[in-house]
1. Looking at (1) surrounded by fewer than 17 Cβ atoms within 10 Å (Cβ to Cβ); (2) of a type in the set (Gly, Ala, Ser); (3) modelled with pLDDT under 80; (4) within 23 Å of LEU90 (Cα to Cα), which is the one condition that is false for ALA267?
2. Pairs needed: first member in the range 132-158, over 17 Å from ALA87 (Cβ atoms); second member anywhere, open to solvent by 30 Å² or more (accessible area, probe 1.4 Å) and hydroxyl-bearing (Ser, Thr, Tyr); C-beta distance under 9 Å; at least 6 residues apart or different chains.
3. Just one of the numbered conditions (1) surrounded by fewer than 19 Cβ atoms within 10 Å (Cβ to Cβ); (2) at pLDDT 95 or above; (3) not β-branched (Val, Ile, Thr) is not true of LEU200; which one?
4. Which of (1) open to solvent by less than 40 Å² (accessible area, probe 1.4 Å); (2) assigned to a helix (DSSP H, G or I); (3) touching a helix residue (DSSP H, G or I) at 6+ places or on another chain (Cβ under 6 Å) does LEU222 not meet, given it meets every other one?
5. In the set GLY81, GLY122, which member is in contact (Cβ under 8 Å) with a residue 40 or more places away in the chain, surrounded by fewer than 15 Cβ atoms within 10 Å (Cβ to Cβ) and more than 27 Å from LEU314 (Cβ to Cβ)?
6. Inspect the range 60-78 for any residue being part of a helix (DSSP H, G or I), more than 22 Å from ASP167 (Cα to Cα) and out of contact with any strand residue (DSSP E or B) (no Cβ under 8 Å at 6 or more places or on another chain) and give the result as yes or no.
7. Tell me, yes or no, whether the range 96-105 has at least one residue that is basic (Lys, Arg), in contact (Cβ under 8 Å) with a residue 24 or more places away in the chain and in a helix (DSSP H, G or I).
8. Please count how many residues of the range 34-59 are touching a Leu at 6+ places or on another chain (Cβ under 8 Å) and either part of a strand (DSSP E or B) or hydrophobic (A, V, I, L, M, F, W, C) (or both).
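The values are calculated or read from the model by the stated rules, or taken from the named source; none is laboratory data. Remember, it's a predicted structure, so these values are computed and weren't measured experimentally. Heads up, the Cβs are rebuilt from the backbone with ideal geometry, glycines too, and the neighbour counts pull from every protein chain shown. For accessibility, only protein heavy atoms count, side chains too; no ligands or nucleic acids. Shrake-Rupley method; radii C 1.70, N 1.55, O 1.52, S 1.80 Å.
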Amino acid sequence: ILETMRALSTQPPLPNDVVVLITDAEEEGLFGARAFVSAHAWAKDVSVVLNFEARGSTGPAAMFEVTRQNGFLVDALAHAGVRRPVATSLTGEVYRRMPNDTDLTVFARAGMAGMNFAFADGVARYHTARDRPEELDPRSVQHQLDYALPLVRALGAADLATPRAPDRVYFAVGSWLVRYPARFALGLAIAVSGAFALLLGADVRRGLVRVQDVALAAVAVLTFVLLGGAVGILVEQLAQLVARDPVRARGIDSLAPDVERLGLALAVVAVVGLALAELARRLPPPAVVRGALAPVALLALLVAFTAPGASHVLVWPVAAATAALALE
């Protein structure tokens, strides 16, 4: 925040005012944000809030939440020239269903539009004696600045009379922020899942697969995925049990998160992979592939209907897999 203000001070003033607010007592009850909204004369004039958070000491900064009617702000993020954006509407759908609050919660309830940014690796240091300035990764702070400065410049020169537009589904691919209206999510899911259903029907008619084999494979794959998830939970619990350091015992995201996450992922992949290999020996491989894809296609429809911001995680893999199968 301070570096953003320093950089802005070297340039001509922006058309819109920029309010710098550093709040205290967020963890104790969002008291700083509440005090600003309820008692400060400037609060009534605020249109957009950029809220910078941290839940750790390292890692990439993500734009993990944006207020409802997010189209204006998502488009601003896409056009502001942010380097290496980390953003997906999936996190917004998840966070909206969690009991967690940040200062942005207070501002949103006061009618302000806004975005939340945070880095969250190194969470084992969070709220402990190890949460020291020397443990803070400068690259994470720089990534926050990579959002703050271009966005303040862009929003500082924008028309903020109505900083809202219909919601977007969005996700980052490299330096690009892919986005499209959330109202298209269900139609897209229906089209993609329908294309897979037509492909599967054609495969059955030409004798490439049998319906019963595909159904058996679908049930088996779902079972394997649930088993893999159970293994992941078990590995995490065992890591906590054997950890002698009480800081490390706080969870799998410890002082070496990448190593532990890799180990956890490999354990899950090993279980699911071995199970799929055994299944492929018992059923025709084309049936296994289509059986694995069928539940994902159905889930894409459900997610697009109930949580459109999360639909891209399922819809686009199904679309790519269906296209690949059609080209066999």
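1. It is condition (4) that ALA267 fails.
2. What qualifies is GLU135/THR58; LEU136/THR58; ASP137/THR58; ARG139/THR58.
3. Failed condition: (1).
4. (1)
5. Numbers: GLY122 fails: surrounded by fewer than 15 Cβ atoms within 10 Å (Cβ to Cβ).
The unique qualifying residue is GLY81.
6. Of the residues in the range 60-78, the ones part of a helix (DSSP H, G or I) are 71-78.
Then keep just the ones that are more than 22 Å from ASP167 (Cα to Cα); that gives none.
Looking for residues that are part of a helix (DSSP H, G or I), more than 22 Å from ASP167 (Cα to Cα) and out of contact with any strand residue (DSSP E or B) (no Cβ under 8 Å at 6 or more places or on another chain), one finds none in the range 60-78, hence no.
7. Taking every residue of the range 96-105 in turn, at least one turns out to be basic (Lys, Arg), in contact (Cβ under 8 Å) with a residue 24 or more places away in the chain and in a helix (DSSP H, G or I).
8. Final tally of qualifying residues: 6.
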